[in-house]
Amino acid sequence: MMLVCNSCHSTLHTVGFFAQGDRAVQLYNEAYFAAAEKMRTELADKGLLKENPWSDEFQIIYYYLWHHEGRRARHGAMMNAPDWAHWHGFFELQQDLYKLQDIFDKRIVTGKIE
């Protein structure tokens with residue numbers, strides 16, 4: 001990919017762009033996915049996830065955090081699509097994380113799946 005970019009852009013620009021994209025992916029991995037996975041693992045260990053993930057609000061939002069919003073954020077960052085990376089990616093990831101945290105807190109406190 002860098003060879004393709006370098007055909008029109010300077011090496012400095014290309015290296016900077018890929019470094020920025022790598023930081024966006026790292027941000028997703030550490031700030032969003034790791035936090036969601038930690039909650040999912042704890043709920044699973046305590047038996048607080050439904051057997052059918054498509055009938056469990058937590059697991060549905062978790063899927064969207066990984067596949068939809070997460071994919072848009074990562075792909076948007078790597079393909080120079082800031083609207084997709086931010087509004088349809090990281091902004092929605094933050095909303096997903098808030099929803100997951102609310103469900104997680106309720107299940108941990110009550111010990112029940114709503």
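Computed from the coordinates by the stated procedures, all read-outs in this text should not be read as laboratory data. Everything quoted here is computed from the prediction, not taken from an experiment. FYI the Cβ positions are ideal-geometry reconstructions off the backbone, even for glycines, and counts take in every protein chain you see.
Odds and ends about this structure:
- Residue check for ASP96: without any contact (Cβ under 8 Å) to a residue 24 or more places away in the chain, charged (D, E, K, R) and either under 17 Å from ALA31 (Cα atoms) or surrounded by fewer than 18 Cβ atoms within 10 Å (Cβ to Cβ) (or both): no
- Test: residue in region 23-46 that is touching an Asp or Glu at 6+ places or on another chain (Cβ under 7 Å), touching a residue at least 60 places away in the same chain (Cβ under 8 Å), over 30 Å from HIS13 (Cβ atoms) and not small (Gly, Ala, Ser): no
- Residues in region 102-114 that are part of a helix (DSSP H, G or I) and touching a helix residue (DSSP H, G or I) at 6+ places or on another chain (Cβ under 7 Å): ILE103, PHE104, ARG107.
- Per the listing ALA73, ALA77, the residue uniquely within 25 Å of ALA44 (Cβ to Cβ), in contact (Cβ under 8 Å) with a residue 12 or more places away in the chain and part of a helix (DSSP H, G or I) is ALA73.
- Residue count for region 1-25 satisfying the condition of being surrounded by 13 or more Cβ atoms within 10 Å (Cβ to Cβ) and among the aliphatic types (A, V, I, L, M): 3.
- Residue that is farthest from THR14 (Cα to Cα) [pool: residues in region 67-84 that are in contact with a Gly (Cβ under 8 Å, 6 or more places away or on another chain) and surrounded by fewer than 14 Cβ atoms within 10 Å (Cβ to Cβ)]: ASP83
- Region 3-13: number of residues that are farther than 14 Å from MET79 by Cβ and within 27 Å of the chain's Cα centre (by Cα): 1
- Exclusive hit being surrounded by 11 or more Cβ atoms within 10 Å (Cβ to Cβ) and under 24 Å from MET2 (Cβ atoms), set TYR64, TYR28, TYR32: TYR28
- Single condition ARG107 does not satisfy, out of (1) under 27 Å from HIS9 (Cα atoms); (2) in contact (Cβ under 8 Å) with a residue 12 or more places away in the chain; (3) not hydroxyl-bearing (Ser, Thr, Tyr): (1)
- Selection over region 1-42 of residues that are of a type in the set (Phe, Trp, Tyr) and under 17 Å from PHE91 (Cα atoms) gives a count of 3.
- When LEU48 is tested against (1) in a helix (DSSP H, G or I); (2) in contact with a Gly (Cβ under 9 Å, 6 or more places away or on another chain), only condition (1) is not met.
- Condition check for ILE113: farther than 30 Å from THR14 by Cα, surrounded by fewer than 19 Cβ atoms within 10 Å (Cβ to Cβ) and in contact with a Phe, Trp or Tyr (Cβ under 9 Å, 6 or more places away or on another chain): yes
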